[in-house]
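What follows is a single structure, written as structure tokens, with notes after it.
The values are calculated or read from the model by the stated rules, or taken from the named source; none is laboratory data. On a predicted model such as this, the values are computed, not experimentally measured, just so you know. When we count neighbours, we look across all protein chains shown, and the Cβ atoms used for this are built from the backbone with ideal geometry, even at glycine. SASA here: full protein model, heavy atoms, side chains in, ligands and nucleic acids out. Shrake-Rupley method; radii C 1.70, N 1.55, O 1.52, S 1.80 Å.
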Amino acid sequence: MLGFAGLVVLGLAGASLLIGVSQVSWEALLAPTEHQRAVQVLVISRVPRTLALVLAGMSLAVAGLIMQMLARNRFVEPFTAGTAESASLGLLVVTLLAPGLPILARTAVAAGFSMAGTALFLLILKRIPMRSALIVPVVGLVLGAIFDAATTFFAYRFSLLQSLMAWTTGDFSSVLRGRYELLWGAFVLTAVAYVVADRFTVAGMGEAFTTNLGLSHPRIVALGLAIVAMVTAVVVATVGMIPFIGLVVPNVVSVIVGDNARRSIPWVAVMGAGFVLLCDIVGRVVRQPYEIPVGTVAGVVGSLVFLHLLFRRDDRVG
């Protein structure tokens, strides 16, 4: 089944290479001397864009799975817990105070803000007694709205609203060779998450259970926070926010393979990549030659699935 899902993703990736304003076909690629422009478009634009879609989808979906385990709630992901909004706030701060910093340093600052925002979210959850599974995402959305309001205010105050739009809208139209490579760092973090997947599974069973097994629950949580924060910061800094991937994909995968992280992560990564590729293809096809940003398409689909999950929730969820 996983192999078949991988083949479907490869098919979507192949279709993504051929879709766009500039005409690129397999016939043109097989005769590169006669169609040099098609080859240039493929190498400079289409291949980097497709790789960016795959890497962003994989990493965000796995980050959502980790966050759900740490928060012990199915309705949590980086874009419903204030993680992405705090990363955007970090990018704004570094743009105002040190605009000359390289992209890697900007991303590091954004990751620090993202980690702080996520830690604040988890701290608030600990202070809520007898919390309902439906209260958790509401707390995250409120916290994210506070961060977003502060970011928008300062962006307006210092005439940076246009830059803010680049961080808050998941758009791959500007991805070219040399402008997406930072996403490979998110892929490395995804691989790290798979290596320590068993620890996340144990941590998802509670602090007391983790301690009884001789593991340090705070260290596992800190590692998970670091992975989620860095992945979110890298994606936001490179292509902007893409909501609901980390919520929709892990919930679908849990129905297929269960809640074991080591079994789930390969499925989550493959389906996350496929979800983003499909949203990008839809966004490019619906209004050709114009594009609908991936973040917009993913937001519409993800919000519908989110509502479906809320309506079908029973007492066993949470």
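The figures follow:
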{"read-out": "Using alpha-carbon coordinates, inclination of helix 217-238 to the longest axis of the chain, degrees", "value": "30 degrees"}
{"read-out": "Low-density loop positions, chymotrypsin sites (Phe, Trp or Tyr not before Pro), the stretch 213-318 - DSSP coil, at most 10 other Cβ in 10 Å", "value": "TYR290"}
{"read-out": "Over 25 Å [Cα-Cα, the stretch 131-262], rounded percent", "value": "41 percent"}
{"read-out": "Cα-based helix-to-principal-axis angle, 47-71 vs the chain, degrees rounded to 10", "value": "10 degrees"}
{"read-out": "Area accessible to solvent at VAL192, 1.4 Å probe radius, in Å²", "value": "60 Å²"}
{"read-out": "Solvent exposure ordering (accessible area, 1.4 Å, most first) of GLU77, GLU291", "value": "GLU291, GLU77"}
{"read-out": "Rg and Dmax [Cα atoms of the stretch 52-196; Å; Rg one decimal, Dmax integer]", "value": "15.8, 50"}
{"read-out": "Lys, Arg +1 and Asp, Glu -1 on Cβ, resulting dipole of the chain about Cα centre, debye, nearest 20", "value": "360 debye"}
{"read-out": "Magnitude of the charge dipole, the stretch 73-232, Cβ model with Lys/Arg +1 and Asp/Glu -1, debye to 20", "value": "160 debye"}
{"read-out": "For the chain, Kirkwood radius (reciprocal of mean inverse C-alpha pair distance, Å)", "value": "20.0 Å"}
{"read-out": "Accessible area (Å², 1.4 Å probe, nearest 10) - MET271", "value": "60 Å²"}
{"read-out": "Area of ILE227 that stays accessible when all protein chains are in place (1.4 Å probe, Å², to 10)", "value": "10 Å²"}
{"read-out": "For the chain, calculated [θ]222 nm from helices alone, where every DSSP H run of n ≥ 4 adds -39500 (n - 2.57)", "value": "-23500 deg cm²/dmol"}
{"read-out": "Compactness index (Cα Rg / 2.2 N^0.38 Å), the stretch 207-310", "value": "1.30"}
